[in-house]
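To keep things clear, I will list the structure first and then write my remarks on it.
The values are calculated or read from the model by the stated rules, or taken from the named source; none is laboratory data. Just so we're clear, the structure is a prediction, and the values are computed from it rather than from any experiment. Quick reminder, even Gly has a Cβ in these numbers, built from the backbone with ideal geometry, and neighbours come from all protein chains shown.
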Amino acid sequence: MNELRTKKILYLTKTMNLGGAERFTFELAKHFGRIFSEVVIVSSGGFWESELSKNGIVHIKIPEIGLSKPVNNIRALTIINGLIKKHRFDIIHIQHRIFFIFLPFLFYGKFKSVYTALNVFNGFAQKFITPGTAIGVSKIVTENLLATLPIKSAKINCINFGVHVPQKVISNSIASKHKIRIGYTGRFIKEKGLFVILDALKILLDAKKDAELFLIGAGREQQNILAYINKHNLNHNITLVPPQHNLDSVYELFDIFVLPSVYNEGLPISILEAAAHGKIIITNTVGGITDFVRNNETGFILQNVDAQSLAEKINFAVENPELTQKIKKNAFDLVQEKFSIEKMLEEYEKLYSNVLTLS
């Protein structure tokens with residue numbers, strides 16, 4: 001991709017905190033920092049800042065932006081315009097749709113705009129999303145873009161999320177003679193189904209099952225989770241693990257990954273990472289999850305998002321070890337084939353090259 005060597009790219013993302021969008025932005029910037037002549041990230045900062053610094057990625061902080069923060073929005077716009085005037089970026093890659101309020105006011109340079117949609121969105125606000133090129137991170141997210149954005153379908157593409165696939169995968173048996181080890185990775189927000197997970201664990205323990213839960217991450221519900229643990233005397237059954245940049249050691253802690261989300265998901269990176277690490281996945285059909293998880297083929301799908309249903313599905317997985325081993329292999333093979341980080345980065349190299357050749 002020699003044509004990219006002299007080019008400059010700016011990534012606009014709301015934060016570099018814990019989350020799939022932020023990990024995705026980090027991976028892009030890390031890779032293309034070795035290809036483009038300049039790579040800059042603009043965000044309000046957060047969890048990934050130390051890794052950006054460690055990898056020599058330029059990060060410019062802006063105030064936290066949002067529809068209810070007009071003063072911060074103006075300050076952020078001033079910073080971004082100053083950067084564009086100074087660096088004359090060839091591509092601006094937008095990772096959050098809030099930045100489309102700014103797009104008409106970015107005055108300097110003849111840049112190409114790229115937008116990656118990570119979630120499924122509906123509503124009137126979609127009519128203001130007008131990038132030169134739009135990307136969906138899965139088939140369902142891309143179909144949502146085609147249905148809601150006011151741009152030509154030829155400008156909308158699908159590039160699957162990609163994750164690192166370990167060379168050596170530890171895939172323990174979850175036969176019923178072993179402890180049931182359950183895990184969740186991500187933000188501690190109610191919409192991800194965290195209290196459904198906690199209630200499901202309690203159901204398993206009340207049924208005299210030997211079970212433990214690992215919650216890896218952080219977020220606004222952390223104090224409520226700790227209160228739940230103390231209220232139900234679950235300190236010996238639940239471990240909270242701080243968020244990690246490298247998740248390889250984290251996935252050794254558990255065998256069953258659960259995500260009973262009601263959030264407006266695209267395709268959660270955590271699901272792909274769990275599959276890449278040989279974990280059985282239990283989730284539901286919200287957003288783009290079914291682009292990867294097919295019931296009894298690459299994971300288990302909950303018909304109802306409640307604690308009893310989740311506890312029953314965990315029991316089913318444990319009591320059917322041959323089926324779960326087959327499902328784990330299917331999911332791992334699918335990640336390798338269609339959702340690897342290498343495949344994703346290769347597709348973005350092609351995309352950026354094509355974008356730069358468009359008149």
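Taking segment 316-356 as the range and being more than 15 Å from Arg294 (Cα to Cα) and either touching a Pro at 6+ places or on another chain (Cβ under 6 Å) or basic (Lys, Arg) (or both) as the test, the residues that pass are Lys343, Lys350.
Only a single criterion out of (1) assigned to a helix (DSSP H, G or I); (2) touching a Pro at 6+ places or on another chain (Cβ under 7 Å); (3) closer than 23 Å to Lys192 by Cα is not satisfied by Glu22, namely (2). Against the numbered list (1) within 22 Å of Glu252 (Cα to Cα); (2) touching a residue at least 40 places away in the same chain (Cβ under 8 Å), Asn235 comes up short only at (2). Which numbered condition in (1) over 30 Å from Tyr184 (Cα atoms); (2) outside any helix (DSSP H, G or I) is the only one that Glu3 fails? Looking at each condition in turn, Glu3 falls short on (2).
Filter segment 35-50 for residues that are assigned to a loop (DSSP other than H, G, I, E, B) and within 20 Å of Gly19 (Cβ to Cβ) and give the result. Step through it out loud before you land on a result.
Within segment 35-50, the subset assigned to a loop (DSSP other than H, G, I, E, B) is 35-37, 44-48.
Across segment 35-50, the qualifying residues are Ser44, Gly45, Gly46, Phe47, Trp48.
Any residue at all in segment 323-338 that's under 30 Å from Asn2 (Cβ atoms) and of a type in the set (A, V, I, L, M)? Scanning segment 323-338, I find no residue that is under 30 Å from Asn2 (Cβ atoms) and of a type in the set (A, V, I, L, M), so the answer is no. Listed by first and then second residue, the pairs linking a residue in segment 338-359 that is within 15 Å of Ala29 (Cβ to Cβ) to a residue that is assigned to a helix (DSSP H, G or I), with Cβ atoms under 7 Å apart and 6 or more places separating them unless they lie on different chains, are Ile341/Glu27; Leu345/His31; Tyr348/Leu28; Tyr352/Leu4.
Tell me the residue from Ile301, Ile281 that is out of contact with any Gly (no Cβ under 6 Å at 6 or more places or on another chain), within 21 Å of Ala200 (Cβ to Cβ) and in the same structural domain as Lys202 (by TED's automatic domain parsing), please. Talk me through it step by step, then tell me what you get.
Values: Ile281 fails: out of contact with any Gly (no Cβ under 6 Å at 6 or more places or on another chain).
That would be Ile301, the only listed residue that is out of contact with any Gly (no Cβ under 6 Å at 6 or more places or on another chain), within 21 Å of Ala200 (Cβ to Cβ) and in the same structural domain as Lys202 (by TED's automatic domain parsing).
Screening Asp291, Asp255 for residues that are buried (at least 23 other Cβ atoms within 10 Å of the Cβ), touching a strand residue (DSSP E or B) at 6+ places or on another chain (Cβ under 8 Å) and touching a residue at least 40 places away in the same chain (Cβ under 8 Å) leaves exactly one candidate, Asp255. If you go through segment 109-123 one residue at a time, how many are over 17 Å from Glu143 (Cα atoms) and modelled with pLDDT under 90? Residues in segment 109-123 being over 17 Å from Glu143 (Cα atoms) and modelled with pLDDT under 90: 2 in total.
On inspection, Ser53 qualifies as part of a helix (DSSP H, G or I) and either touching a Lys or Arg at 6+ places or on another chain (Cβ under 7 Å) or among the small types (Gly, Ala, Ser) (or both).
Here Ile65 clears all of (1) in contact with a strand residue (DSSP E or B) (Cβ under 9 Å, 6 or more places away or on another chain); (2) surrounded by 20 or more Cβ atoms within 10 Å (Cβ to Cβ) except the condition numbered (1). Selection over segment 30-49 of residues that are under 22 Å from the mean Cα position of the chain (by Cα) and without any contact (Cβ under 8 Å) to a residue 40 or more places away in the chain gives a count of 9.
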